[in-house]
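What follows is a short report on a single structure.
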Amino acid sequence: MANNSPIGLFDSGVGGISIYNEIKKTLPNESAIYLADNLNAPYGKKTKEEIINLSLKNTQKLIDLNCKLIVVACNTATTNAITILREKFDTPIIGIEPSIKPAILNTKTKNIGILATEKTLSSNLFQQTSNKFSDGIYIHEQIGYDLVSIIEKSGINQELLKNKLISYVQPMLEKNIDNLVLGCTHYYYLIDILKKILPSSVRVLDSSSAVSKRVKQVLEVNNIMSRTKDCKNEFYCNGNESVIKKFLGEGEKINKMIF
């Protein structure tokens, strides 16, 4: 694999752009290709078999585009499909897991909350991670019904999202949580709203920084770091591109592609 080949990322829509942005901050000389499978969003309401098949399709497309490393920039796809992806493909694959461990290590109240999609919370990988670290800690789970759909259709609709988030976090606050884990890359865009409705004693955690550090580590271990500063970033979607444009940096262009 050529060192100057791109890093590939996929998500069901705009959520993984938060991961892309963090990777570009950490590794500005790396080229990247981002696939937004928004024709099939949201993944959280699909069956496990559907999630696996979509993840296989997206990963194969990124490999066909000569990507040297794949980031599954979607919690639902990671928790349901990453084991199968790693069995099928030789390319290094990095997934996104909720930041449960740091939340558990830092809680003072021994109560943490997690906001995630239904399919992430019900996955074997999530349950294994929770059980591994949660001895003596209470984990209060909440499905973020409709949050991904709203973001994919309307972007950050403050009023609509705020009302839903209040209804989701209030029961967890009543359980005395002091850490709230965001278990979906789309939820990164809700942090500012959450900070307005949560007490200052509650810390909000997402995975973007940890993932970018892991990408750097894997590139170094495999000796496939970019050797040029002449990087190129490409963005593709197979559905409506209008909302995605709102989340891209100035000057970036989203391309329509069938995949």
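How high is the relative contact order of the chain? Use alpha-carbon pairs under 8 Å, at least six apart in sequence, and give a whole percent.
Details: 486 pairs, mean separation 74.2, N = 259.
Relative contact order comes out at 29 percent.
Which order do you get for Ile33, Ile156 if you rank them by accessible area with a 1.4 Å probe, largest at the top?
Details: Ile33 5, Ile156 60 Å².
Greatest to least solvent exposure: Ile156, Ile33.
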Here the range 87-98 yields Karplus 3J(HN,Hα) values (6.51, -1.76, 1.60; θ = phi - 60°; whole Hz; Gly and Pro given as x) of 6, 8, 10, 7, 4, x, 10, 10, x, 10, 10, x
Across the alpha-carbon set of the range 115-259, Rg over Rh with Rh taken as the Kirkwood radius works out to 1.01
Per-residue accessible area, 1.4 Å probe, largest first, puts Tyr138, Tyr188 in the order Tyr138, Tyr188
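Quick one: how many lysine pairs in the range 178-259 have C-alpha atoms under 19 angstrom apart, if they're 8 or more apart or on different chains? Each step should come with its number before you reach the end.
Details: Lys216/Lys229; Lys216/Lys232; Lys232/Lys245; Lys232/Lys253; Lys232/Lys256; Lys245/Lys253; Lys245/Lys256; Lys246/Lys256.
Taking the Cα cut-off of 19 Å, the pair count is 8.
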Phi-derived 3J(HN,Hα) across the range 214-229 with the Karplus relation (6.51, -1.76, 1.60, θ = phi - 60°), rounded Hz, x for Gly and Pro, is 5, 4, 4, 4, 5, 4, 5, 4, 8, 6, 10, 5, 4, 10, 9, 9
With all protein chains in place and a 1.4 Å probe, Tyr189 shows an accessible area in Å² (nearest 10) of 40
Rounded to the nearest 10 Å², the accessible area of Lys88 using a 1.4 Å probe with every protein chain kept is 130
Reduced to Cα centres, the span from the range 4-68 to the range 200-259 in Å works out to 8
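Hey, what number do you get for the chain at 222 nm if only DSSP H runs of n ≥ 4 count, each worth -39500 (n - 2.57), divided across all residues, to the nearest 500? Please list the in-between numbers first.
Working: 11 runs with 114 residues, N = 259.
The helix contribution divided over the chain gives -13000 deg cm²/dmol.
Charges at C-beta only: +1 for Lys and Arg, -1 for Asp and Glu. How large is the resulting dipole of the chain about its Cα centre, in Debye rounded to 20? The partial results should precede the final answer.
Values: 32 positive and 26 negative charges, 66 e Å.
Dipole of the chain, to the nearest 20 debye: 320 debye.
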The answer for Gly183, listing residues at least 5 apart or on another chain whose modeled amide H is closer than 5 Å to its amide H, is Leu115, Ala116
Taking only the alpha-carbon atoms of the chain, the convex hull volume per residue, in cubic angstrom, is 120
Any aspartates and glutamates whose Cα falls less than 12 Å from that of Lys110, other than same-chain ones fewer than 8 residues away, would be Asp135, Asp178
Simple SL model, points at 7 angstrom along Cα→Cβ for Thr83 and Gln128; separation in nm is 0.5
Ordering Thr59, Thr91 by the accessible surface of their heavy atoms, 1.4 Å probe, largest first, yields Thr91, Thr59
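The values are calculated or read from the model by the stated rules, or taken from the named source; none is laboratory data. Just so it is clear, the structure is predicted and the values come from calculations on it, not from any experiment. All Cβ positions, even for glycine, are placed from backbone atoms using ideal geometry, and neighbour counts span all protein chains on display. SASA here: full protein model, heavy atoms, side chains in, ligands and nucleic acids out. Shrake-Rupley method; radii C 1.70, N 1.55, O 1.52, S 1.80 Å.
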